[in-house]
Amino acid sequence: MSRKNVPQESARWSNEVVADRWLSAFPPRAAVTSPEDADEIIIMHRALLLAMPEKFLHARKTPGSLSMFMKPLKQLIAYLANKEDNCTGHFSKVDSTLARYSMRMRY
């Protein structure tokens with residue numbers, strides 16, 4: 001996957017576009033029983049996001065920040081790796097393997 005980072009791009013988007021993109025990247029966590037409920041929840045969260053200036057400012061800055069893009073990507077990768085390895089933490093098996101390897105290299 002390739003992504004071109006253009007920090008100024010999100011500044012040109014309308015408030016509605018920012019809210020829609022934010023909610024597509026970070027959907028609200030809620031127990032949804034039907035597609036109609038999901039649509040209703042999205043509409044409610046969109047209205048709340050547009051009504052909260054500090055949260056909205058964060059949503060506007062996030063698409064232009066590479067570090068803010070990488071954070072949820074790293075969390076997803078860590079979650080999937082930990083689920084696969086049946087463990088917790090930030091790549092705990094990889095970290096311990098690297099630590100053992102680096103200890104051997106010192107001596």
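The values are calculated or read from the model by the stated rules, or taken from the named source; none is laboratory data. These numbers were taken from a predicted model, which means no experiment stands behind them. Don't worry about glycine lacking a Cβ; one is built from the backbone with ideal geometry, like all the others, and counts go over all protein chains shown.
Among the conditions (1) under 20 Å from the mean Cα position of the chain (by Cα); (2) assigned to a helix (DSSP H, G or I), the only one that residue 47 does not satisfy is (1). Scanning the stretch 75-86 turns up no residue that is under 22 Å from residue 23 (Cβ atoms) and touching a residue at least 40 places away in the same chain (Cβ under 8 Å).
Scanning the stretch 66-107 for residues that are among the hydroxyl-bearing types (Ser, Thr, Tyr) and either in the same structural domain as residue 26 (by TED's automatic domain parsing) or modelled with pLDDT of 80 or more (or both) yields 67, 79.
Among the residues making up the stretch 1-37, those that are at pLDDT 85 or above, assigned to a helix (DSSP H, G or I) and surrounded by 11 or more Cβ atoms within 10 Å (Cβ to Cβ) are 15, 17, 18, 19, 20, 21, 22, 23.
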